[in-house]
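The structure appears below as C-alpha cells.
The values are calculated or read from the model by the stated rules, or taken from the named source; none is laboratory data. If you're wondering where the values come from, they're calculated on a predicted model, not measured in any experiment. Ideal geometry is used to build each Cβ from the backbone, glycine not excepted, and the neighbour counts take in all protein chains shown.
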Amino acid sequence: MIVEANVPLKLTLFGEHAVVYGKPAIAYTISENLKVRVRESEKFYVASDNLQLKGIRVDLHEFKIENENVKKVISYVTEVINYFSEKYGFNNERKALIEIESNVDPSVGLGTSAAVVVGTVIAYSKFLGLDLQKQDIAKISHEIELRVQGIASIMDTHTETYGGFLLIRENKVENLNIPVPLTFSAGYFRRIMTTAEMLRNVKNLKDRDPSLFNSLIDSIERVTLEAKEALISGDIDRLGELMYVNHGLLFSLGVTVPILDQFVSMSRASGVKGCKVSGGGGGGAVICTKDQRAELLMNALGGRIVNANPTFQGVTVKLI
Ligand SMILES: Nc1ncnc2c1ncn2[C@@H]1O[C@H](COP(=O)(O)OP(=O)(O)O)[C@@H](O)[C@H]1O
Ligand SMILES: C[C@@](O)(CCOP(=O)(O)O)CC(=O)O
Ligand SMILES: [Mg+2]
C-alpha cells in the first residue's frame, strides 16, 4: 500500500512577515504542487528528487555522505515522525519510506516547507491508520513548521490544507470569494537565504527598533485590508498599486534583495499594474497582476515562471 498526498503550493498576495506578528495576510493556492508518498519499509528513509545540499563530503571507504546540512533539510519530515510517536504513541514499530516529489525548487517562497509538512502529516497519519480532519492536519502542520523554524504563522500550512484564496486574520482563516476569475503572473529567482533565516532577520529589526517596526507592519496591515476590498470588487488597478506599496514596505523590513527590487521597479516602469516579492523573501518568489511584460522580464532577468492559476481544493490524499 502506498499513500500519496498532493499538496498545492501557494503565493502570498499581501501581508507576509507582518502576519507572523498578528497582522492580516492574503494568500492563495496555485497550480504547482508537491507530492509526498509513504510506503512500508524495513527502515525509515526520506527520499527527495529535488534537494539542494551545500558542503557534501563522501567517505570513500564506506561511501557514507557526511553533511551537517542533511539533518536540517529533512527536519520538516523527521519532526512529523516524532510528533506522531509522541502524541499518538506510535513507537515507530511501522517503518516507512517517505518520498517527496516536486518540480518546483525547494526554498523559493512558494510554501514548499509547509507543503512538505502538510503532505507528510496527511500521508503518514493515513499510513498509520488515522483519518484526520483538515482542521487537525492544518493545526498539526503549523505546530510542526513552528517547531522546525522557531517562527511561523498559520498562513502557509492552512492555505495549502484548505486551498483557494484565504484571508488570515487573528489566527483564523476566512475563505475569500473572489467574484471575477482572477489570475496572476509569478515566478522565482535564485534564493540566498531560507525563510527561517529571513524570519530571524526581521525579528532582529523588531528587537532593535520596535517602534519603527510596528509602524511598518501597521502600514502593511492597512494595505492588506484595502487589498481585500480591491480583490472582492475586482479593482485590478488599485490591487496593483497596493502590491507595489507592499513591496516597498517589505524592502524597508529588509526582506528584498537587488534582483527582486530590480524586477519590480522595471515592471512598474514598463506599465505592469502591480508586482511584489511573495513569501519569505531573500530572493525567491515574485507575483504580479497578469501581464506578458512581467513574464518576459522575469525570464530576461533569469527567473523561472510558475503556473500561478488559482486552485481551490487544498491537500488531497489517495492510496495508489
Ligand atoms: N522537494 C523537497 N524535498 C525535501 N525537502 C524540501 C523540498 N522542498 C522544500 N523542502 C524543505 O523545505 C525547506 C525550504 O523551506 P522555506 O525556506 O520555508 O521555503 P519555502 O519558502 O518554499 O517554504 C527546505 O530547506 C527543505 O528542508
Ligand atoms: C514570511 C512568512 O510570512 C511566509 C513564508 O512563506 P514561504 O515559507 O517563504 O513560502 C512566514 C510565515 O507566515 O510563517
Ligand atoms: Mg516555508
* Asked: Is it the case that region 91-106 has a residue that's within 16 Å of ligand 3 (Cβ to nearest atom) and in contact with a Lys or Arg (Cβ under 6 Å, 6 or more places away or on another chain)?
  -> no
Within region 46-56, residues away from ligand 3 (no atom under 16 Å from the Cβ), at pLDDT below 80 and surrounded by 10 or more Cβ atoms within 10 Å (Cβ to Cβ) come out as Leu53, Ile56
From the option list Phe84, Phe90, single residue qualifying as away from ligand 2 (no atom under 16 Å from the Cβ), farther than 22 Å from Gly22 by Cα and not in a helix (DSSP H, G or I) is Phe90
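Yes/no per residue for (1) in contact with a Lys or Arg (Cβ under 7 Å, 6 or more places away or on another chain); (2) free of Cβ contacts under 8 Å to residues at least 40 places away in the same chain:
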site: Ile220; (1), (2): yes, no
site: Val245; (1), (2): no, yes
site: Gly254; (1), (2): no, no
site: Pro258; (1), (2): no, yes
site: Gln262; (1), (2): no, yes
Counting only residues in region 161-198 that are assigned to a loop (DSSP other than H, G, I, E, B), within 16 Å of the chain's Cα centre (by Cα) and not β-branched (Val, Ile, Thr), the one farthest from ligand 3 (Cβ to nearest atom) is identified as Gly164
From the option list Ile259, Ile287, single residue qualifying as surrounded by fewer than 19 Cβ atoms within 10 Å (Cβ to Cβ) and closer than 18 Å to Gly187 by Cα is Ile259
Consider Pro8 carefully, then state whether it is surrounded by 12 or more Cβ atoms within 10 Å (Cβ to Cβ), closer than 28 Å to Gly283 by Cα and within 15 Å of ligand 1 (Cβ to nearest atom). yes
Yes or no: Gly109 of a type outside the set (A, V, I, L, M) and within 16 Å of ligand 2 (Cβ to nearest atom)? yes
- Are any of the residues in region 204-212 buried (at least 24 other Cβ atoms within 10 Å of the Cβ) and either touching a His at 6+ places or on another chain (Cβ under 6 Å) or outside the structural domain of Gly109 (by TED's automatic domain parsing) (or both)? no
task = Would you be able to say whether some residue in region 99-107 is more than 11 Å from ligand 1 (Cβ to nearest atom), within 26 Å of Met198 (Cβ to Cβ) and either of a type outside the set (Lys, Arg) or not assigned by TED's automatic domain parsing to the domain that holds Ile151 (or both)?
result = no
